[in-house]
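The values are calculated or read from the model by the stated rules, or taken from the named source; none is laboratory data. Everything quoted here is computed from the prediction, not taken from an experiment. SASA here: full protein model, heavy atoms, side chains in, ligands and nucleic acids out. Shrake-Rupley method; radii C 1.70, N 1.55, O 1.52, S 1.80 Å.
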Amino acid sequence: DLEDRWGVSAGAYREQGERWGVSFRLNYMDSEAITGATSTDASLSMGLVYRPTDPQFIWLDRVDLVYDDAFDPLSGMARTYKLINNLNLNHRPVARWQTSYQYAFKWVRADFGDEYTAFTDLFGIDARYDLTPEWDVGGQLYGLHSWESGTLDYALGVGIGHSFAKNV
């Protein structure tokens, strides 16, 4: 064999009553080549959801921890740590009006002989109003911010939608 690999993966999802759900996922992979190259990849994800039977307010959040470690005799060592969070909120105060909010961030620490860190976050809002059961109008605003470089990229838009079928 040119490479030995082994890994493990596990996951679970549990409903906590009629409103709450919790998820968990673990992945781990390890490999070693006859050239002396090695790698270890691991990730842990945890999620939480709030979905009441009267869906005026829905909340989804997921946190990921990621670790990657690699060594190659020719190129050396590389190691990366990541913390990622993704939060989505949906609010429907009345049947015809819906607003969604998103906030996500990613923190990365990477070592390729020199160490680098970065923090990036994203925010967004989307609002929709049903004109009729088939037609809606809305608008969106999103921003992506890289803290180390001080840059901000954003998007703003309006839209009109048409539903050709129910529950699609």
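What to note about this one:
- Relative contact order of the chain, defined on C-alpha pairs under 8 angstrom at six or more residues apart (%): 12 percent
- Fraction of alpha-carbon pairs over 19 Å apart in the range 36-168 - percent: 66 percent
- Largest accessible area first, the residues ASP41, ASP111, ASP1, ASP64 order themselves as ASP1, ASP41, ASP111, ASP64 under a 1.4 Å probe with ligands, DNA and RNA left out.
- Translational diffusion coefficient (Stokes-Einstein; Kirkwood radius from C-alpha pairs) of the range 100-154 at 25 °C, 0.890 mPa s, in µm²/s: 180 µm²/s
- Computed from the alpha carbon atoms alone, the convex hull of the range 1-74 holds 81 Å³ per residue.
- Rolling a 1.4 Å probe over the protein heavy atoms gives the chain an accessible area of 69 Å² per residue.
- Pairwise centroid distance, computed over Cα atoms, of the range 17-80 with the range 112-168, Å: 24 Å
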